[in-house]
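For reference, the structure is listed below as structure tokens.
The values are calculated or read from the model by the stated rules, or taken from the named source; none is laboratory data. Please read all numbers here as calculations on a predicted model, not as lab measurements. When we count neighbours, we look across all protein chains shown, and the Cβ atoms used for this are built from the backbone with ideal geometry, even at glycine.
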Amino acid sequence: MIKLRFKNIPLNELTKTIESLGEKKFRAEQIKKWVYQKRINDFSEMNNMPKALREKLSENYAVDKLVIHTILESKHGDAVKFGFQCIESGHLMESVLLIDGDRRTACISSQLGCGLGCVFCETGKMGFLRNLTQDEIVGQFLGINDYLESRNDHLITNIVFMGMGEALSNFDNFLGALAVFMDEDIYNIGGRRITVSTAGVVPSVERLLKEKLNIGLAISLNSYSNEIRDTLMPINRKYPIESLVEIAKKYYAVTGRPVTFEYVVIDGKTNTAEALNAISAYLGGFPCKVNLIPLNPSSGSMLCGPTDMSLEKFYEELLCRGITATIRKSRGQDIWGACGQLAGKKLNNENTKS
Ligand code: SAH
Ligand code: SF4
């Protein structure tokens, strides 16, 4: 019999599940803590629970952790990239831990590949393979916490859904994972410390608003004209820049949280004088932030990242126009670990041996 993955059970159905096994309600709370907080790999580890219950759970459910295939630590100790093994297909689900002062930010993947096909993005080049399950999304977080704990460090403080894929296009599993991260009895990570990034799937942002989670929203704008954005991000033909600005304004009006517009700087293409004027026309006078990300060029691509000087100049010019802008620190360049630049390599016989 194939066992169900325990961490795929939505948190709000846990009590019902435990009761259906003929157990008392209060056991659900105990099991929840063992599984998510103590991060067990096997139900037999729950040493304060009756043996019969542990056995019943083991017969029906699998609770083992994701297998870590690779851990790459950056030279400067500011980023760690994780490759979790996807057993059935041999693909890697990639996550990044960013270390900055007391902040431990987990950059989490939500899909294997991505169907939106942005031309500059490594994940986009894989095409869409499948949605990650709740178990797999939460599993990345738990695996990173295991790593932190093994280093006597403190646990994850912040989460960004900026790894592989579009979290908002895997809505139910994304919500299921958030429920675990935000649960007061488990990790209690507040909405202020969670951000989801989207290429601009407007109806999903509407749906997110209805959930009233009050998490941060980042929209990958990446261009200043629909003409250019059409060529870089095919989804622009469906949801053009005007619709992104409109939904960002609504998001701010409803949640009080200013939206971040991520802006990949492609030299000579998205950092021109025309871009400055267009960005201030679109975004001027309303609370939001533009986060400049220098393009990490991929092999075989004609697109180039900016020089430090031209990036700095573009940034200064935005500030002069009254736009709140930041430059994303490129942590972990040496491990190719920056969020959103994860390739999800497929394992072959050679590299599975290592
Ligand atoms: N699908 C979501 C989240 C994952 S991508 C989204 O597109 O928003 C996270 C960020 O990385 C996005 O802002 C994306 O534009 C950026 N990104 C992707 N490829 C990049 C590259 N080669 N160089 C720099 N940033 C990149
Ligand atoms: Fe998908 Fe985001 Fe990459 Fe575009 S940038 S292909 S939406 S992961």
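Here are the numbers for the structure shown:
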| item | result |
| --- | --- |
| Test: residue in segment 202-220 that is within 13 Å of ligand 2 (Cβ to nearest atom) and more than 28 Å from ASP308 (Cα to Cα) | yes |
| Any hit, segment 197-214, residues being of a type in the set (A, V, I, L, M, F, W, C) and under 24 Å from ASP102 (Cα atoms) | no |
| Checking LYS33 against (1) basic (Lys, Arg); (2) touching a residue at least 40 places away in the same chain (Cβ under 8 Å); (3) outside any helix (DSSP H, G or I), the condition it does not meet | (3) |
| Leading residue by the ranking (nearest to GLY115 (Cα to Cα)) among those in segment 235-257 that are more than 15 Å from ligand 2 (Cβ to nearest atom) and surrounded by fewer than 16 Cβ atoms within 10 Å (Cβ to Cβ) | SER243 |
| Residue list for segment 126-179, filter: out of contact with any Lys or Arg (no Cβ under 8 Å at 6 or more places or on another chain), among the small types (Gly, Ala, Ser) and not in a loop (DSSP other than H, G, I, E, B) | SER150, ALA167, SER169, GLY176, ALA177, ALA179 |
| Unmet requirement for ASP183, which otherwise passes all of (1) of a type in the set (Asp, Glu); (2) more than 25 Å from ARG321 (Cβ to Cβ); (3) surrounded by 18 or more Cβ atoms within 10 Å (Cβ to Cβ) | (3) |
| Pick from segment 308-342, criterion among the polar types (S, T, N, Q) and at pLDDT 95 or above, ranking: farthest from ligand 1 (Cβ to nearest atom) | THR324 |
| GLY256 vs. criteria more than 12 Å from ligand 1 (Cβ to nearest atom), over 19 Å from the mean Cα position of the chain (by Cα) and not charged (D, E, K, R) | yes |
| Flag if VAL96 is under 11 Å from the mean Cα position of the chain (by Cα) and either within 12 Å of ligand 2 (Cβ to nearest atom) or of a type in the set (Val, Ile, Thr) (or both) | yes |
